[in-house]
Amino acid sequence: MKISDMNWQQVEDYLKTDDLAVLPLGSTEQHAGLSLSVDSILAEKMALDAAEPLGIPVFPVLAYGVTPYFMAYPGTISLRVETYTAIVRDILDGLYTQGFRRIFILNGHGGNAPAGSLATEWMADHPGTSVKFHNWWNAPETLAKVQEIDPVASHASWMENFPWTRLPGQLPTQQKPMIDLAAMRAMDPATTRRVLGDGNFGGYYQRDDAEMQALWDTGVAETRKLMQGPWAEVTR
C-alpha cells in the first residue's frame with residue numbers, strides 16, 4: 001500500500017493490528033544512458049511490488065543519497081553523510097512516534113550504507129523495535145540470478161536497465177570492460193568521470209526484457225520473504 005494513497009485515519013486503523021512499515025532509500029545520480037533516478041525508481045517499485053499482497057504500507061522513497069564520487073556528472077545530487085543519517089534518523093523517529101515498531105528499509109543505492117549502521121544504532125536507542133536493512137540488488141538470491149544471466153554486470157549496466165528505468169534513445173550494444181573499482185574509489189569526482197566515461201561500470205548496456213523480468217521476479221520474491229519474517233519480537 002502506498003502511503004500516498006492512504007489518509008491518516010486508514011493508517012491509524014492499520015496500526016491497531018500491525019506495526020510494520022517499509023521505507024525505500026534511493027539516490028539521484030548518473031546512470032549512463034538510464035534515468036538519473038534509477039536507484040529511487042527501483043527501490044520504490046521493489047518495495048511496492050513486494051509489499052502489495054502483504055498489505056504493508058510503503059512510505060515514499062528518499063530520493064537523495066550519498067554519492068559524492070559522481071558529482072562531476074550533471075544532475076547528480078549528493079547529501080553529506082551527516083546530513084543523510086540525520087534525515088534517516090528523523091524519519092525513523094517519526095515512524096516510531098506514530099507507532100511503527102518494525103521497519104523494513106529497502107535500499108537501492110550502495111552509497112547509502114551509512115543508513116544501515118544508523119539503523120543498528122537507532123534500535124539500541126529504541127528498545128522494542130526491529131529494523132531490517134535490505135540491499136535488494138545484491139541479496140543472495142537476486143545476486144545469484146544476476147550471475148546466472150551474465151556475470152559481467154555492475155552500476156548503470158544491463159542489470160539496472162528495466163523498462164521502468166529506460167529512457168528513449170539508442171544505447172551502445174557492446175560489452176564495456178569492467179572498471180577497476182578499487183582504483184576508482186581512490187579518485188576524486190573529476191578523475192572518476194574522466195576514467196569512467198559514460199558512467200557504466202562494465203557489462204552490456206541492455207539485455208532481453210524476459211531476462212530482466214526474471215531478475216525482477218527473483219528480487220520481489222526474495223524481498224517479500226524477508227518482509228514476512230522472521231522478525232524479532234517487539235513490544236508496542
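The values are calculated or read from the model by the stated rules, or taken from the named source; none is laboratory data. Bear in mind the structure is a predicted one, so any value in this text is a computation, not a measurement. In this analysis, Cβ positions are derived from the backbone assuming ideal geometry, glycine residues included, and neighbour counts consider all displayed protein chains.
Any residue that is β-branched (Val, Ile, Thr), more than 30 Å from SER154 (Cα to Cα) and either part of a loop (DSSP other than H, G, I, E, B) or in contact with a Leu (Cβ under 8 Å, 6 or more places away or on another chain) (or both) - is there at least one of those in the stretch 47-57? Yes, that holds for at least one residue. Considering the stretch 13-46, the residues that are of a type in the set (A, V, I, L, M, F, W, C) and part of a loop (DSSP other than H, G, I, E, B) include one that is farthest from ALA113 (Cα to Cα), namely ALA32. Looking at the stretch 115-149, which of its residues are in contact with a strand residue (DSSP E or B) (Cβ under 7 Å, 6 or more places away or on another chain) and within 26 Å of PHE201 (Cα to Cα)? Those that are in contact with a strand residue (DSSP E or B) (Cβ under 7 Å, 6 or more places away or on another chain) and within 26 Å of PHE201 (Cα to Cα): ALA115, GLY116, PHE133, HIS134, ASN135, TRP136. Report yes if ALA156 is touching a helix residue (DSSP H, G or I) at 6+ places or on another chain (Cβ under 7 Å) and of a type in the set (Gly, Ala, Ser), otherwise no. No: the conditions fail for ALA156. None of ALA50, ALA63, ALA43 is touching a Lys or Arg at 6+ places or on another chain (Cβ under 6 Å) and closer than 21 Å to TRP216 by Cα except ALA50. Considering only residues that are in contact (Cβ under 8 Å) with a residue 24 or more places away in the chain and exposed (fewer than 13 other Cβ atoms within 10 Å of the Cβ), which ones fall in the stretch 210-227? Once the filter is applied, which keeps residues that are in contact (Cβ under 8 Å) with a residue 24 or more places away in the chain and exposed (fewer than 13 other Cβ atoms within 10 Å of the Cβ), the stretch 210-227 yields nothing. Each residue in the stretch 104-125 was checked for being surrounded by fewer than 15 Cβ atoms within 10 Å (Cβ to Cβ) and more than 26 Å from HIS31 (Cα to Cα), and 4 of them qualify.
Contact map, the stretch 38-63: first residue over 12 Å from PHE104 (Cα atoms) and of a type in the set (D, E, K, R), second residue modelled with pLDDT of 95 or more and surrounded by fewer than 23 Cβ atoms within 10 Å (Cβ to Cβ), Cβ cut-off under 7 Å, separation 6 or more or different chains; pairs are LYS45/TRP164; ASP49/VAL220. Whenever a residue of the stretch 151-163 is in contact (Cβ under 8 Å) with a residue 60 or more places away in the chain, its partners that are assigned to a helix (DSSP H, G or I) and not hydrophobic (A, V, I, L, M, F, W, C), lying with C-beta atoms within less than 9 angstrom and at least six residues away or across chains, give the pairs HIS155/GLY110; GLU160/ASP39; PHE162/LYS45; PHE162/ASP209; PHE162/GLN213. The set of residues in the stretch 28-52 being among the charged types (D, E, K, R) and either surrounded by 24 or more Cβ atoms within 10 Å (Cβ to Cβ) or at positive phi (or both) consists of GLU29, ASP39, GLU44.
Would you check if there is a residue in the stretch 85-93 being exposed (fewer than 15 other Cβ atoms within 10 Å of the Cβ), modelled with pLDDT of 95 or more and under 30 Å from MET212 (Cα atoms)? Scanning the stretch 85-93, I find no residue that is exposed (fewer than 15 other Cβ atoms within 10 Å of the Cβ), modelled with pLDDT of 95 or more and under 30 Å from MET212 (Cα atoms), so the answer is no.
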